[in-house]
Amino acid sequence: MATGIRIRTSTKDELTTVQAILKHPMDTGNSRDPETGNMIPAFFIETVTIHHGDAVIMTCDWSRAVSKNPYLSFSFTGAKKGDTVRISWQDSSGNTESKEAVIQ
Amino acid sequence: MNIRRRTFISYLASGAGIIFTGVGGLLKPILAFADRNVDAFNAETQSDALAVFFPGLEVTPSDAISIGVHDLVENGAVVPIKVNTDLPNVVSITILVEKNPNPLIANFNLTPACAGFVATRIKVGEPSNITAVVKSNDKLFSTTKFVEVVEGGCG
């Protein structure tokens, strides 16, 4: 499974905007493998946690109806350039992935 | 000799303690995921999903929320959506698609540091109302927008 988290940040007037793409197939469980004809089981990111430094600033609960390779954007205040923002996810099979980015 | 052996073992034990604390510290941020409301995500109607997800709370329509989504979407598998709100003390933003098999799509729990804004991309199975529910000051407010979908995205 190819995974990865891409994070881009920008800060303007004390408001930091984060844009991220979390690489994940987000299978709904309703589709078939075109080659074998077998159902592809549901497999998707369930929870996402965002840290600014050590503090949790946002958590997300997702269903399988978030699109493949989910895009997430949000804004928050109180960050300086050089602080870190960390995005961590856990999927329906218990896999986790986490990535930290320096705020621009 | 025996004393030396004991000392050595005690060093080992304290060393192991440090290693375990170290690993525990690293795992902590990864394990800090919120409990998931499975019943709400499995609900098959929007009213059931809301009743399970926000028990005992009523939803009031509000002009202070805007949903940014195209009126006509060709590919229902990737529908960009933005939710903005001017409401104060926003605790959560929740996105529901009424006609999807499980209408509850995504919930975002915000803290006071966050602006009232989230954007993501969702799957919409057939033409449907999309509702954004915002929890503010322990009350629920919502806005709904209809989206026409040419090719459904729940396959």
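No lab work stands behind these numbers, since they all come straight from the coordinates. Just so you know, these numbers come straight off a predicted model, no measurement behind them. Positions of Cβ are backbone-derived with ideal geometry, glycine not excepted, and every protein chain shown enters the neighbour counts.
Please compute the average number of Cβ atoms from other chains found within 10 Å of each residue's Cβ in peptide A:45-51.
Details: counts 0, 5, 6, 4, 7, 3, 2.
What the average comes to for A:45-51 is 4.
Looking only at other chains, what is the average number of their beta-carbon atoms within 10 angstrom of each beta-carbon in A:23-29?
Numbers: counts 0, 0, 0, 3, 0, 9, 0.
Mean partner shielding for this stretch: 2.
Can you pull the one-decimal nm distance between simple spin-label points at B:SER66 and B:VAL38, each 7 Å off the Cα toward Cβ?
Those two pseudo-labels are separated by 4.0 nm.
Regarding the stretch B:53-155, what is the average projected area of its C-alpha convex hull, in nm²? Walk me through the intermediate numbers first.
On the way: hull surface 24.1 nm².
Convex hull of Cα atoms, orientation-averaged projection: 6.0 nm².
Using the alpha carbons of the stretch A:31-104, what is the convex hull volume per residue in cubic angstrom, as a whole number?
Numbers: hull volume 8.0 nm³, N = 74.
So the per-residue Cα hull volume is 108 Å³.
Please list, by residue number, everything in the stretch B:75-106 whose backbone N is under 17 Å from a paramagnetic label point 7 Å out along Cα→Cβ of A:SER31.
It comes to B:75-80, B:101-102, nothing else.
Which number gives the lysine pairs in chain A that have C-alpha atoms under 18 Å apart and are eight or more places apart or on different chains?
Numbers: A:LYS12/A:LYS80; A:LYS12/A:LYS81; A:LYS23/A:LYS68; A:LYS23/A:LYS99; A:LYS81/A:LYS99.
Lysine pairs, 8 or more places apart or on different chains, close enough: 5.
Which value in nm describes the separation of the simple spin-label points at A:GLU14 and A:ASN95, placed 7 Å from the Cα toward the beta carbon?
Output for this residue pair reads 4.1 nm.
Other chains near B:97-108: what is the mean number of their Cβ atoms within 10 Å of each residue's Cβ?
Numbers: counts 2, 0, 0, 4, 5, 4, 2, 4, 6, 9, 6, 9.
Mean shielding count: 4.
Give me the one-decimal nm value for the distance between modelled label points at A:ALA55 and B:GLU58, 7 Å along each residue's Cα-to-Cβ direction.
Between A:ALA55 and B:GLU58, the label points sit 3.6 nm apart.
Please report the spacing between the Cα centers of the stretch A:1-50 and the stretch B:67-137 in Å, no decimals.
16 Å
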